[in-house]
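FYI, it's all coordinate maths here, none of it is from the lab. Only a predicted model underlies this, so the values are computations on that prediction, with no experimental measurement involved. Note that we place each Cβ from the backbone using ideal geometry, even for glycine, and neighbour counts take in every protein chain shown.
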Amino acid sequence: MKFETKHTFDKPAATVIKMFSDRNYFERKYQGLGFTEIEVLEHEKSDSRFRIKVRYTAKSNAPVPEFAKKFLPSTMVITQQDAWDLKTMTGHLDVEIKGAPVKVACDMKLKDEGKGAANQLRWNVTCGIPLIGGKIEKITVDDINAKESADIATTRKILADYS
């Protein structure tokens, strides 16, 4: 299931990418969102690239119907990898939900827009289980959307510390 979202910021893209390529941002964001057991598994940064892989525990924000509970637990162990090309300000993230038959990927493009910046996110959620895969994809998309307002609010609050 493909869908798009857009996050806007009141600072230029050069400032936002500085935050998106800072390990501390990810740790602060996940703590601010109430996630637990946050652990940075990998982290690397050069003049042109940034990559971080973090594992954390989060509760689902979307209602999970009874049939899907064996596939999508209410408390999830998530491993997320974010990678950015710092020159082109394009990124990609991959999300793995432990024990869930779902793949979540997202391509990102950060650019100046108006008086600030915008990050265009193109999501792709897939589940290969016959008959119910589409329903599990929809539940996963609903959970991503349910978390989005808190995610962007936390990110904007952290962005205030960058110049």
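Summary table below
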read-out	value
Positions within the stretch 120-160 being in contact (Cβ under 8 Å) with a residue 60 or more places away in the chain, of a type outside the set (A, V, I, L, M) and not in a helix (DSSP H, G or I), in sequence order	Gln120, Arg122, Trp123, Asn124, Thr126
Residue in the stretch 67-79 that is in contact (Cβ under 8 Å) with a residue 12 or more places away in the chain and among the charged types (D, E, K, R) present	no
Subset of the stretch 28-67 that is in a helix (DSSP H, G or I) and charged (D, E, K, R) - its residue that is surrounded by the fewest Cβ atoms within 10 Å (Cβ to Cβ)	Glu66
Residue in the stretch 6-14 that is in a strand (DSSP E or B), over 20 Å from Asn119 (Cα atoms) and among the basic types (Lys, Arg) present	no
Selected residue [outside any loop (DSSP other than H, G, I, E, B), in contact (Cβ under 8 Å) with a residue 12 or more places away in the chain, of a type outside the set (Phe, Trp, Tyr) and surrounded by 19 or more Cβ atoms within 10 Å (Cβ to Cβ)] from Ala117, Ala83	Ala117
